[in-house]
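Colleague: Here it is, the structure, as structure tokens.
The values are calculated or read from the model by the stated rules, or taken from the named source; none is laboratory data. None of the values given here were measured: they were computed from a predicted structure. Cβ: placed from backbone, ideal geometry, glycine included. Neighbour counts: every protein chain shown.
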Amino acid sequence: MYDLAIIGGGPAGHVAAENAGAKGMKVVLFEKRELGGVCLNEGCIPTKTLLYSAKMYDHATGGKKYGITAEGVSYEYKKIADRKTKVVRKLVAGIKMKMETHNVEVVRGEAFIKGGNENHIEISCAGAEYIAERLLICTGSEAFVPPIPGIEGNEAVITNREIIALTEAPQSIVIIGGGVIGMEFASFYNSLGIPVTVIEMMPEILGGMDCEAGEMLRGIYAKRGVKFHMQCKVARIDGNRVYFTGNEGEEECVEGEKILVSAGRRPVLTGYGLENIAIETERGIKVNGRMQTSMKNVYAAGDVTGFSMLAHTASREAEVAVSHMTGGTDEMRYNAIPGVVYTNPEVSGIGFTEEQAVKAGIEYRLHKLPMTYSGRFVAENEGVTGLCKILTDKEGKVIGMHMLGNPSSEFISTASLAISCGMSVEQIKRCVFPHPTVSEIIKETLLEA
């Protein structure tokens, strides 16, 4: 009998396996595709690899602003795609090595829960039977494809999985959904000079993130040639044409060689026998603060819980789950989960936005400055203003931080520490930030308070 069986080898599954193995548990990990899950193979890592190539191209073609002239600058899409594949393979190999180091048995195939009780769980996979004392479900999420007429069987329509696999650049692209995935691919293809159209149902892109930052980012990309159709609903797709209605009910049509559907993701709750154990579900699998389900020896972590569909959230949830299994007292907190959009410029946020604070009835104070108050930012971001917003509560503690500008993704973790530790404005003011760095904008923004 195994101490722990894990279904899914993504950011939650492989982190849990590594931690549990390191603590001496006998672990079996089931994965039907590749270790690393969607994040490593179809999401976070491949998209960031592509976006870095696009950023390099931006630097080369935009060098005149910095006194650098380059001639004959071009890109080879296949080489960009090949490098993406190489990076993914290298990181997958690294996870495999970690599993070996911690004596985790990895089984390739589709696991199926046959049944069980609060003492053991029975699982079948690849023609063999497995029994474990505990089960951790990390089956992740899948792209939500809305029931739009004309989508099914249409070769022009792709999701994040198919777009990552492209080895040739499309001549043009229509993106349905202006969320994180949609905007990152809009950024990528816009940098390469490919016509991009974004259709979004909501009043602003990047729903759930700071509205002002979203509006500023949309303005930047609109100036770069991306066409936005806001508050529009797609009615149907006919070949390469997307028909949609605006907020006044008029029908419009746009055309693209490829049509990317990025309308969000949903937890994977079917296909692996979840119905054979007594587990409660809501948007996803229902868990408590220790990632325990309604069945005490069954846990869930990652996108399958339907709460925070981010790789770093999944990894932290996995750590909490294993902690509880091994007698720890760790509990999951969601008030300091950073979110980043890796466009150029980046958008980073954590904690409450103004909109969320107002909705929750939380009294807050807003501290706001353009990023240009940072000397390093001015030196490295010609023609970009940027934004830094910090929300504090009535006790002067940080409850939210939102930024537009590079490289905010690299220091948003400062805000994570501040919120997690309940730091006040006065405590942060006493911290020494290295000069010159863009991260100084945090202290500058609070000094203006």
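Colleague: Anything in the range 263-285 that is free of Cβ contacts under 8 Å to residues at least 12 places away in the same chain and farther than 17 Å from Gly140 by Cβ? List them, or say none.
Modeller: The one that is free of Cβ contacts under 8 Å to residues at least 12 places away in the same chain and farther than 17 Å from Gly140 by Cβ: Glu275.
Colleague: Follow-up. Looking at Glu184, Glu168, which one is of a type in the set (D, E, K, R) and part of a loop (DSSP other than H, G, I, E, B)?
Modeller: None of the others qualify; the one that does is Glu168.
Colleague: Separate question: Check off (1) closer than 20 Å to Phe244 by Cβ; (2) surrounded by 21 or more Cβ atoms within 10 Å (Cβ to Cβ); (3) polar (S, T, N, Q) for Ser172 and give me the number that stays unchecked.
Modeller: All conditions pass for Ser172, except number (2).
Colleague: Separate question: Please enumerate the residues belonging to the range 1-51 that are in a strand (DSSP E or B) and surrounded by 24 or more Cβ atoms within 10 Å (Cβ to Cβ).
Modeller: Leu4, Ala5, Ile6, Ile7, Val27, Leu29, Phe30, Glu31
Colleague: If you check Arg290, Arg218, Arg241, which single one turns out to be outside the structural domain of Gly179 (by TED's automatic domain parsing), surrounded by 15 or more Cβ atoms within 10 Å (Cβ to Cβ) and basic (Lys, Arg)?
Modeller: Arg290
Colleague: Still on this structure, please answer the following. Among (1) loosely packed, with under 14 Cβ neighbours inside 10 Å; (2) in contact with a helix residue (DSSP H, G or I) (Cβ under 8 Å, 6 or more places away or on another chain); (3) not assigned by TED's automatic domain parsing to the domain that holds Tyr272, there is one condition Ile164 misses while meeting the rest; what is its number?
Modeller: The single condition Ile164 does not satisfy is (1).
Colleague: Hey, another quick one. State which residue is farthest from Tyr52 (Cα to Cα) when the search covers only the range 72-95 and only residues that are assigned to a loop (DSSP other than H, G, I, E, B) and not β-branched (Val, Ile, Thr).
Modeller: Among those residues, the one meeting the criterion is Gly72.
Colleague: State all residues of the range 252-293 that are of a type in the set (Val, Ile, Thr) and under 23 Å from the mean Cα position of the chain (by Cα); if no residue qualifies, say none. Spell out how you get there, then give the answer.
Modeller: Filtering the range 252-293 down to residues of a type in the set (Val, Ile, Thr) leaves 254, 259, 261, 268, 270, 277, 279, 281, 285, 287, 293.
The answer is Ile259, Val261, Val268, Thr270, Thr281, Ile285, Val287.
Colleague: Please count how many residues of the range 110-136 are modelled with pLDDT under 95, of a type in the set (Gly, Ala, Ser) and outside any strand (DSSP E or B).
Modeller: Looking only at that region, the number is 2.
Colleague: Here is a follow-up. May I ask you to list the residues in the range 373-412 that are out of contact with any Ser or Thr (no Cβ under 7 Å at 6 or more places or on another chain), in a loop (DSSP other than H, G, I, E, B) and among the polar types (S, T, N, Q)?
Modeller: Ser374, Asn381, Asn406
Colleague: Can you name the residue in the range 343-369 that is part of a strand (DSSP E or B) and free of Cβ contacts under 8 Å to residues at least 60 places away in the same chain and, of all such residues, is nearest to Leu51 (Cα to Cα)? Please lay out each step first, then the result.
Modeller: Going residue by residue through the range 343-369, those that are part of a strand (DSSP E or B) are 347-351, 364-369.
Right, trim to free of Cβ contacts under 8 Å to residues at least 60 places away in the same chain and you get 364, 366.
Working: Tyr364: 35, Leu366: 32 Å.
Here the answer is Leu366.
Colleague: For the range 221-230, name all the residues that are surrounded by fewer than 16 Cβ atoms within 10 Å (Cβ to Cβ) and more than 24 Å from Lys389 (Cβ to Cβ).
Modeller: Listed by number, the residues that qualify are Gly225, Lys227.
Colleague: Something else: Looking at Thr139, is it in contact with a Gly (Cβ under 6 Å, 6 or more places away or on another chain), touching a residue at least 60 places away in the same chain (Cβ under 8 Å) and assigned to a loop (DSSP other than H, G, I, E, B)? Quick ask: steps written out before the conclusion?
Modeller: Details: in contact with a Gly (Cβ under 6 Å, 6 or more places away or on another chain): yes; touching a residue at least 60 places away in the same chain (Cβ under 8 Å): yes; assigned to a loop (DSSP other than H, G, I, E, B): yes.
Spelling it out, Thr139 is indeed in contact with a Gly (Cβ under 6 Å, 6 or more places away or on another chain), touching a residue at least 60 places away in the same chain (Cβ under 8 Å) and assigned to a loop (DSSP other than H, G, I, E, B).
Colleague: Give Thr414, Thr372 a once-over and let me know the one that is without any contact (Cβ under 8 Å) to a residue 40 or more places away in the chain and under 12 Å from Ser348 (Cβ atoms). Full working, then the answer.
Modeller: Details: Thr372 fails: under 12 Å from Ser348 (Cβ atoms).
One residue alone meets the criteria, Thr414.
Colleague: Additional query: Checking Val378 against (1) surrounded by 15 or more Cβ atoms within 10 Å (Cβ to Cβ); (2) over 26 Å from the mean Cα position of the chain (by Cα); (3) within 17 Å of Ala415 (Cα to Cα), which single condition isn't satisfied?
Modeller: Only one criterion is unmet by Val378, namely (3).
Colleague: Identify, by number, the condition in (1) at negative phi; (2) of a type in the set (Gly, Ala, Ser); (3) in contact with a helix residue (DSSP H, G or I) (Cβ under 9 Å, 6 or more places away or on another chain) that Gly383 doesn't meet.
Modeller: The failed condition is (1).
Colleague: Name the residue that is nearest to Ala81 (Cα to Cα), counting only residues in the range 157-172 that are modelled with pLDDT of 95 or more and touching an Asp or Glu at 6+ places or on another chain (Cβ under 7 Å).
Modeller: Looking at residues that are modelled with pLDDT of 95 or more and touching an Asp or Glu at 6+ places or on another chain (Cβ under 7 Å), I get Pro170.
For (1) among the polar types (S, T, N, Q); (2) modelled with pLDDT of 95 or more, each residue gets a yes or a no:
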| residue | (1), (2) |
| --- | --- |
| Arg236 | no, yes |
| Val242 | no, yes |
| Gly249 | no, no |
| Val254 | no, yes |
| Arg265 | no, no |
| Thr270 | yes, no |
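Colleague: Please specify each residue of the range 423-449 satisfying the condition of being more than 28 Å from the chain's Cα centre (by Cα) and acidic (Asp, Glu).
Modeller: Within the range 423-449, Glu426, Glu444, Glu448 meet the criteria.
Colleague: Take the residues of the range 397-411 that are under 11 Å from Gly349 (Cα atoms) and surrounded by fewer than 22 Cβ atoms within 10 Å (Cβ to Cβ): which is nearest to the chain's Cα centre (by Cα)?
Modeller: Once the filter is applied, the top-ranked residue is Ser409.
Colleague: Is the range 275-283 home to any residue that is under 20 Å from Ala17 (Cα atoms), of a type outside the set (A, V, I, L, M) and assigned by TED's automatic domain parsing to the domain that holds Glu18?
Modeller: Kept after step one, since they are under 20 Å from Ala17 (Cα atoms), are these residues of the range 275-283: none.
No, the range 275-283 contains no residue that is under 20 Å from Ala17 (Cα atoms), of a type outside the set (A, V, I, L, M) and assigned by TED's automatic domain parsing to the domain that holds Glu18.
Colleague: Same structure, new question: Would you please name the residue that is nearest to Leu136 (Cα to Cα), looking only at residues in the range 303-326 that are part of a loop (DSSP other than H, G, I, E, B) and touching a residue at least 40 places away in the same chain (Cβ under 8 Å)?
Modeller: Residue satisfying both the conditions and the ranking: Thr326.
Colleague: Within the range 419-429, does at least one residue satisfy the condition of being more than 25 Å from Lys223 (Cβ to Cβ), of a type in the set (D, E, K, R) and buried (at least 17 other Cβ atoms within 10 Å of the Cβ)?
Modeller: Within the range 419-429, not a single residue is more than 25 Å from Lys223 (Cβ to Cβ), of a type in the set (D, E, K, R) and buried (at least 17 other Cβ atoms within 10 Å of the Cβ).
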